[in-house]
Structures are given as structure tokens and as C-alpha cells.
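Asks: Okay, handing you the structure first.
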Amino acid sequence: MSNSPAQPSNNPHSGRTALVTGSTSGIGLAIARAFAEQGANIVLNGFGDTNEIEQNRAAIEQDFGVKALYNGANMLNPDEIEAMVKEAVETFGSVDIVVNNAGIQHVSPIDEFPVDKWDAIIAINLSSAFHTIRAALPGMKQKGWGRIINTASAHALVASPYKSAYVAAKHGIAGLTKTAALEVAEQGITVNAIAPGYVWTPLVERQIPDTMKARGLSEEEVKRDILLAAQPTKEFVTVDQVAQLALYLASDAASAITGTTMSIDGGWTAK
Ligand code: NAD
């Protein structure tokens, strides 16, 4: 046997499975690819163009030599969420890392806020995380290892007007994160949330027209005076920066970090 010190593995998650909800685009896709790069098999989830989803799935397998499964479970539907976790376990043997990332937004004053939008945002941005955690925890407990990472938002810590459902759901995610962390703290499972400021993704791009309407501003004014006004760095966070934080939270180095909501927001919530 060699006496040379053990080299850190390039594939720390080899043999593990990472399930990332809302990973057909934006932050979720970057997180899925980052875990694949570290050797995990991937469960992709989310909506979008069928061909594009298949291209993204195949690219993960080709680029990183892992297996990637796509499951189109609608995060509005607890039964579909449960079935997705089941399919992942049947296909790969376990679900070791869950990233609750699917999310939608709607921008409107409370007294005009469509009730169906409120219900959908609470279901997709908050309740779906409860359902994936509920379904994945028994397997993690059995293995004595697991990582649950919830994509929250700076809006888990502070509010903005016209985003009542989103802010409520993201504050809820912070509470769910703490509760789940306490329940499994002695079982090798950590539960944390990531709280990005503005990240340039389709979700942000799509809310610009509504914000223009709600506040009577031009596109440039919304970007400069509303979005990046909150962010002292005046730079959008990148999806890769968020993905690197997720990798860190899943690493052995982060095994003492649980129940937290970690900001990656260019200083937004320091103010
Ligand atoms: P995005 O629109 O690019 O991605 C959202 C993903 O969720 C997509 O894959 C979409 O198909 C999926 N999704 C939406 N509804 C779904 C449903 N009913 N069932 C299953 N999947 C569904 O947005 P993003 O910016 O990458 O957002 C990802 C997460 O990051 C969200 O939770 C969002 O709230 C959070 N976030 C984003 C920002 C930002 O500035 N972009 C900042 C803070 C937090």
C-alpha cells in the first residue's frame, strides 16, 4: 500500500443521485450540470420544449459520463412529485441530494393579485419542497447521508412590494429549511437554503414587463433602478456562482452547516 496521502476525488458524488426540480433552465440547469460534473447521476425536472430538454439531458450524459433521467412532474401536484422520487430511486437506487429549485413569479399589488397565481406560487415555490423532502427523507435516513438544498431568494429575508406570494413562499422556505434541518440533524443529513439576489435568468427577464406596468417604468429603468438598485455590486449574480454554492453545501466540508439560509446577493441584504 502506498503511504502517499489520499487524493481528494474529482467525483465526490460518484454513485450518488442528485434530483433538481426546475432544472430545465436557469439556476436549476446550472446546478444539475455542476453535480453531474462531480459524478452524480441526475434527475432533471421542469417544463419547456421537448427537444431542448432532451438536448440538455443528453449533454449532461455526454459531457460528464453520468446518467441523466428527465421526469416532467408538475410541482403543483404532490402525487407527481412522489412518483418522480420513486422513479429516481427505481432507476438509480437512491436519491441522495435534493435541490428544490422550481419557482415562478408574479408581480402585482395585493388587491389586484390573482388568487390562482397566489395558490400556484405557494404550491410551486413552497409546498413542492415539502413534498420532495417528505418523499426523499426515508431513503436518506436509511443511508445516514443526505443533502437537501432549497433555492430560496433574498426575498426569504427581506420583502419588495408587489411580490406578496413570492416573498411569503420564500420566507416559508427558510422556515421549512430550519425545521427539516432540526429533525434530521443527527442523521448525516443537512438542509440548507441558498438566497440569491438577482440572477440573470428567464425568470428575471419575464418579470420585467409586469414590473414596467406596475411601476410605469421603461425596461432600462426597471433593470437599473429596480433590479440592480437593490444590489450594491450593481452586477447580476451568475447561475454558475449559485451552482458552486450548492456544491459547497453538498460537500463534506459543509457537514456542520445546516438549517441556514445563505445569501449570495451582491450585498443586497446587508443594507
Ligand atoms: P427559470 O424560470 O429559468 O427556471 C424555473 C424552473 O422551474 C424551470 O425549469 C421551469 O420549467 C420550472 N418550473 C416552473 N413551474 C414548474 C412546475 N409547475 N413544475 C415543475 N417545474 C416548474 O428561473 P430561475 O431564475 O432559474 O429560478 C430558479 C429558482 O431560483 C426559483 O426558485 C427562483 O425563485 C429562484 N431565484 C431566482 C432568482 C433570479 O434572480 N433569477 C433570484 C432568487 C431566487
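The values are calculated or read from the model by the stated rules, or taken from the named source; none is laboratory data. Remember, predicted model here, so these are calculated numbers, not experimental data. Counting neighbours? That spans all protein chains shown, and the Cβs are built from the backbone with ideal geometry, glycine included. Surface areas here come from the heavy atoms of the whole protein model, side chains and all, with no ligands, DNA or RNA. Shrake-Rupley method; radii C 1.70, N 1.55, O 1.52, S 1.80 Å.
Asks: Give me the 1.4 Å probe accessible area per residue for segment 5-62, excluding ligands and nucleic acids, in Å².
Replies: 46
Asks: Got a number for the accessible area of L76? Probe 1.4 Å, square angstrom, nearest 10.
Replies: 90
Asks: Okay, moving on. When the accessible area of segment 114-255 is split by element with a 1.4 Å probe, what percent falls to carbon and sulfur?
Replies: 55
Asks: Could you state how much accessible area V89 has, in square angstrom rounded to the nearest 10, with a 1.4 Å probe and all protein chains kept in place?
Replies: We get 60 Å² for V89.
Asks: Protein chains only, probe 1.4 Å: how do S218, S128, S255 rank by accessible area, largest first?
Replies: Largest accessible area first, the residues go S255, S218, S128.
Asks: What aspartates and glutamates does K67 reach when the alpha-carbon gap must be under 15 Å and sequence neighbours fewer than 8 apart in one chain are set aside?
Replies: Counting by Cα, and skipping residues close in sequence, K67 has these aspartates and glutamates nearby: E37, E54, E87, E90, D96.
Asks: Suppose a student asked you for the relative contact order of the chain, using Cα pairs under 8 Å spaced at least 6 residues apart; what percent would you report?
Replies: That works out to 18 percent.
Asks: Which helices of the chain meet both criteria: a Cα extent of 24 Å or more along the helical axis and a mean Kyte-Doolittle score no lower than -1.0, with helices taken as whole DSSP H segments?
Replies: Membrane-span-like by this criterion, though nothing is claimed about a membrane: 164-183.
Asks: Per 0.36 nm of contour for each residue apart, how much would the distance between E82 and A58 grow if the chain were fully extended, relative to their Cα-Cα spacing?
Replies: Contour length minus Cα-Cα distance gives 6.2 nm.
Asks: Next question, about the same structure. How would T24, T260, T132 rank on accessible area, largest to smallest, probe 1.4 Å?
Replies: T260, T24, T132
Asks: Could I ask something else about it? Output the peptides 237-246, 186-195 sorted from most to least packed, where packing is the average of other Cβ atoms within 10 Å over each peptide's residues.
Replies: By packing density, highest mean first, the sequence is 186-195, 237-246.
Asks: Further, regarding this structure: Multiplying the sequence separation of K67 and Q187 by 0.36 nm and subtracting their Cα-Cα distance, what value in nm do you get?
Replies: So the extension gain works out to 40.5 nm.
Asks: May I ask for the distance between the Cα centers of segment 234-269 and segment 158-192, given as a whole number of Å?
Replies: 14
Asks: With every protein chain kept in place and ligands, DNA and RNA left out, what is the accessible area per residue of segment 90-199? Probe 1.4 Å, answer in Å².
Replies: Per residue, segment 90-199 has an accessible area of 39 Å².
Asks: If you average the sequence gap of Cα pairs under 8 Å that are 6 or more apart and divide by the length of segment 103-243, what percent do you get for the contact order?
Replies: The value is 27 percent.
Asks: Which semi-axes, in whole Å and largest first, does the equivalent ellipsoid of the chain have when worked out from the alpha carbon gyration tensor as the square roots of 5 times its eigenvalues?
Replies: Semi-axes (√(5λ), whole Å): 31, 20, 19.
Asks: State the extension gain, in nm to one decimal, for the chain segment bounded by T50 and E220, taking 0.36 nm per residue of separation less the distance between their alpha-carbons.
Replies: 57.9 nm
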